[in-house]
2 protein chains.
Amino acid sequence: MSSTPEFGKVVVFGVGLIGGSFALGLKAAEQVEEVVGFGRSLSTLTQALNLGIIDRVGANAGQEVADADLVLIATPVGQMSEIMTRIAPYLGSETVVTDGGSTKSDVVAMARSAFGNQLGQFVPAHPIAGAENSGAAAARADLYREKKVVLTPLPENAALTVARVRSAWEWCGAVIHELDAQEHDRIFAAVSHLPHLLSFALVHELALRENRDLLFSYAASGFRDFTRIAASHPEMWRDICLANRVALLGELDCYRAQLDELRDALQRGDGAALEKTFAVARSARRNWDQGLAK
Amino acid sequence: MSSTPEFGKVVVFGVGLIGGSFALGLKAAEQVEEVVGFGRSLSTLTQALNLGIIDRVGANAGQEVADADLVLIATPVGQMSEIMTRIAPYLGSETVVTDGGSTKSDVVAMARSAFGNQLGQFVPAHPIAGAENSGAAAARADLYREKKVVLTPLPENAALTVARVRSAWEWCGAVIHELDAQEHDRIFAAVSHLPHLLSFALVHELALRENRDLLFSYAASGFRDFTRIAASHPEMWRDICLANRVALLGELDCYRAQLDELRDALQRGDGAALEKTFAVARSARRNWDQGLAK
């Protein structure tokens, strides 16, 4: 463990759950010498400092990225473009950049615009380890352990650059997958973005009712699980929805068509159609769960 | 603990999760002398016998209920009418009957039709302790501990009859609430039946796609929680949907209107509207969760 860490200076923009856990993961693996943090909120940065997530609060982003080995942009996606534009002119020639955004096509487009002919230094990443908790206090060194991190490498990336970013996430314990950015966004519209939207919608609809307290008082474990993701970060999910708008609209329309079918079956009292739908769902859900357990 | 149990013979129709846990709860409290089980499947009954859930498999329902202290009907709601009709002519004058159905207006209507002038002996109940697992093997003595059981007493019930049924569920550890049957059904359409339908719909829609394996391979913890209830019992949920059809259609339409609003916001790229909806949902969800923790 006294060997030289793989990374000297790591700069993290956004020291919340995603960025903080990345820093803690590298530190736990003893693979980083110094973590410098940037963020919008001084109180969060102070908290990250006190929790040992970062070693220093950065003052000048350009200066810090000039000699950094690795930069992680782990803010909500809506802030990434501004950060990329700010750091691009100062990026060291050996510095590699990755991100923690839940959407990838938009992040790639931002990077293409901001980094210009340094684009090859940026390797987009999506760590699949969200939680409904956010903020530095929620960060933990083992957040990524045995979790998927999807890289969506660019044609401009050298193999060694991708390998370096891969290595950083692997030191955090992650299992690396690679996808094309567009395919990534279509997949996550279906299995992540849509369920979040549906869960937010249910809780919002009930929360505006006059008898909400009565309703919530009888909500039980099924409701709790279904709505856990409705406690997710509103700004982050606004950005995800906007960034992946086209794919998400497509998924939402497929889902609405499915709901219309179920509504028709319910309206006409078609128990056989309902039971068949439920049985197919149960079987798929159980197979998936058992696959996970393997 | 050597005092006389409150109940001598208890007859349970349906020895799965709900009926089995009721029997085990009364046994753990030493408040029952003998549990007799009925069911459609001999293998389930044999399993219940081997697990100590029931003491005997019943052969003649009429004969068994004639001298029973308490009868629990814990089958899917679709089978209850037939059971009620079968036992009504033989019901002992001191025997009280309760049920474990998730809908109440329809069960009350069945009971009214089956029990006639013995209707007062039937006290409808809904234990709020479902799980996506079902069957005798899933039954446990503590399933109802600190869980709500909603009674929807009838005008025909004597206070002592209600007290006796209340007592049985309380011995299982439940916290008893009382609601009107119609109000019960409206509440549970919103906080339980609709979320189940929505979760089944999502998994079914994805399960029919050609690329389902790819999609499911990237599904993570948010998906897991959102879809846990999509592994629920298809026949049971068919019956619940049909039984509470009118209220559920109403809830489904409210929800579809909410989805339409979100779709419009997404279509026009209205981040402020999305964020506000998500923030209201998050706040309501967190308040509810904190209320539970108290």
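The values are calculated or read from the model by the stated rules, or taken from the named source; none is laboratory data. All figures in this text were calculated on a predicted structure; none of them were measured in a lab. Quick reminder, even Gly has a Cβ in these numbers, built from the backbone with ideal geometry, and neighbours come from all protein chains shown.
Checked against (1) within 22 Å of the chain's Cα centre (by Cα); (2) part of a helix (DSSP H, G or I), B:HIS177 passes all but a single condition, namely (2).
Being away from chain A (no Cβ under 14 Å), without any contact (Cβ under 8 Å) to a residue 40 or more places away in the chain and buried (at least 17 other Cβ atoms within 10 Å of the Cβ) is a condition met by at least one residue of the stretch B:121-133.
Look at (1) out of contact with any Lys or Arg (no Cβ under 9 Å at 6 or more places or on another chain); (2) at the interface with chain A (Cβ under 7 Å from one of its Cβ atoms); (3) under 20 Å from A:TYR255 (Cα atoms) and you find that B:PRO234 fails only one, number (1). Scoring B:ARG40 on the criteria (1) modelled with pLDDT under 95; (2) among the charged types (D, E, K, R); (3) part of a helix (DSSP H, G or I) leaves a single failure, condition (3). Applying the set (1) farther than 17 Å from A:GLU94 by Cα; (2) at pLDDT 95 or above; (3) surrounded by 24 or more Cβ atoms within 10 Å (Cβ to Cβ); (4) touching a Gly at 6+ places or on another chain (Cβ under 7 Å) to A:LEU45 leaves exactly one unmet item: (3). How many residues does the stretch B:239-268 contain that are within 7 Å of chain A (Cβ to nearest Cβ) and under 13 Å from the mean Cα position of the chain (by Cα)? Adding up the residues that qualify gives 1.
Within the stretch A:242-264, no residue that is β-branched (Val, Ile, Thr) sits with its Cβ atom under 6 Å from a residue that is surrounded by fewer than 18 Cβ atoms within 10 Å (Cβ to Cβ) at 6+ positions apart or across chains.
A:LEU154 meets each of the listed conditions (1) in contact with a helix residue (DSSP H, G or I) (Cβ under 7 Å, 6 or more places away or on another chain); (2) part of a helix (DSSP H, G or I); (3) more than 10 Å from chain B (Cβ to nearest Cβ) apart from (2). Within the stretch A:269-285, the set of residues being within 7 Å of chain B (Cβ to nearest Cβ) and either under 35 Å from the mean Cα position of the chain (by Cα) or on the phi < 0 side of the Ramachandran plot (or both) comprises A:GLY271, A:LEU274, A:GLU275, A:THR277, A:PHE278, A:ALA279, A:VAL280, A:ALA281, A:ARG282, A:ALA284, A:ARG285.
Flag: A:SER192 matches the condition of being assigned to a helix (DSSP H, G or I), among the polar types (S, T, N, Q) and either closer than 18 Å to B:SER192 by Cβ or within 12 Å of chain B (Cβ to nearest Cβ) (or both). Return the pairs, sorted by first residue and then second, in which the second residue is modelled with pLDDT under 90, the first residue lies in the stretch B:224-241 and is among the hydroxyl-bearing types (Ser, Thr, Tyr), the beta carbons are less than 7 Å apart, and the residues are 6+ apart or on different chains. Pairs that qualify, where the first residue is among the hydroxyl-bearing types (Ser, Thr, Tyr) and the partner is modelled with pLDDT under 90, are B:SER232/B:GLU132.
The set of residues in the stretch B:69-94 being at pLDDT 95 or above, crowded, with 23+ Cβ neighbours inside 10 Å and closer than 18 Å to B:ALA23 by Cα consists of B:LEU70, B:VAL71, B:LEU72, B:ILE73, B:ALA74. Does B:ALA201 fit the bill of being over 25 Å from B:THR75 (Cβ atoms), at the interface with chain A (Cβ under 7 Å from one of its Cβ atoms) and under 26 Å from the mean Cα position of the chain (by Cα)? It is true that B:ALA201 is over 25 Å from B:THR75 (Cβ atoms), at the interface with chain A (Cβ under 7 Å from one of its Cβ atoms) and under 26 Å from the mean Cα position of the chain (by Cα). Among the residues making up the stretch A:230-287, those that are of a type in the set (Ser, Thr, Tyr) and closer than 23 Å to B:HIS204 by Cβ are A:TYR255, A:THR277, A:SER283. Residue-level check: of (1) outside any loop (DSSP other than H, G, I, E, B); (2) touching a strand residue (DSSP E or B) at 6+ places or on another chain (Cβ under 6 Å), A:ALA68 misses just (1).
Among the conditions (1) within 13 Å of chain B (Cβ to nearest Cβ); (2) among the aliphatic types (A, V, I, L, M); (3) not in a loop (DSSP other than H, G, I, E, B), A:LEU143 misses just one, which is (3).
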